[in-house]
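Taking it in order: structure first as structure tokens, then the write-up.
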Amino acid sequence: MPRIVVDVMPKPEILDPQGKAIVGALPRLGFNGFSAVRQGKRFELTVDGEVTDAILAQAREAAETLLSNPVIEDVVNVEVVEA
């Protein structure tokens with residue numbers, strides 16, 4: 001069954017304490033060369049049947065109204081992934 005993947009990230013002006021903790025831990029674990037990390041959310045919506053334009057539009061609307069908090073987050077990607 002196909003899936004629609006939605007990626008949500010904090011807006012650039014919003015502090016990201018989880019990302020800050022990760023970027024601090026990376027060098028301690030031997031991962032060097034990274035100066036910043038932003039942590040977001042990924043949602044996978046499984047679709048029964050084919051992904052039509054109407055289904056994709058519903059997924060985009062759900063991403064903007066339910067899956068993200070538009071005050072502090074941006075929906076950065078909504079894409080179809082075939083299973």
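The values are calculated or read from the model by the stated rules, or taken from the named source; none is laboratory data. All values reported here derive from a predicted model rather than from experimental measurement. Cβ coordinates were reconstructed from backbone atoms using ideal geometry, including for glycine residues, and neighbour counts include every protein chain displayed. We work out accessible area using only protein heavy atoms, side chains counted, and drop any ligands, DNA or RNA first. Shrake-Rupley method; radii C 1.70, N 1.55, O 1.52, S 1.80 Å.
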(message) Going 7 Å from the Cα of residue 11 along its beta-carbon direction, which residues of the range 65-83 have the amide nitrogen within less than 19 Å of the resulting point?
(response) 65-77
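For the chain, what does -39500 (n - 2.57) per DSSP helix run (n ≥ 4), summed and divided by total residues, give at 222 nm, in deg cm²/dmol to the nearest 500?
Mean residue ellipticity at 222 nm (helix-derived): -8000 deg cm²/dmol.
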(message) How high is the relative contact order of the chain? Use alpha-carbon pairs under 8 Å, at least six apart in sequence, and give a whole percent.
(response) 56 percent
(message) Could you give me D for the range 3-81, from Stokes-Einstein at 10 °C and 1.306 mPa s, where the hydrodynamic radius is the Kirkwood radius over C-alpha pairs? Units µm² s⁻¹, please.
(response) 112 µm²/s
(message) Between 0 and 90 degrees, rounded to the nearest ten: what's the tilt of helix 17-28 against the longest Cα principal axis of the chain?
(response) 50 degrees
(message) Not counting ligands, DNA or RNA, and with a 1.4 Å probe, what is residue 35's accessible surface area in Å² rounded to the nearest 10?
(response) 110 Å²
(message) I'd like the accessible area for residue 14: 1.4 Å probe, protein heavy atoms, all chains in place, Å² to the nearest 10.
(response) 50 Å²
(request) Could you state the angle between the C-alpha long axis of helix 53-62 and the longest principal axis of the C-alpha atoms of the chain, as a value from 0 to 90 degrees rounded to the nearest 10? (result) 40 degrees
(request) Amide H neighbours of residue 77 under 5 Å, at least 5 residues apart or on other chains, H built in the peptide plane: list them. (result) 7
(request) Using label points projected 7 Å from each Cα along Cα→Cβ, tell me how many nm separate residue 21 and residue 66, to one decimal. (result) 2.9 nm
(message) Taking a virtual spin label 7 Å from the Cα of residue 79 along the C-beta vector, which residues in the range 1-33 bring their backbone nitrogen under 11 Å of it?
(response) 5-7
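For the chain, give the percent of accessible area contributed by carbon and sulfur heavy atoms, probe 1.4 Å, rounded to a whole number.
Solvent-exposed carbon and sulfur of the chain make up 57 percent of the total.
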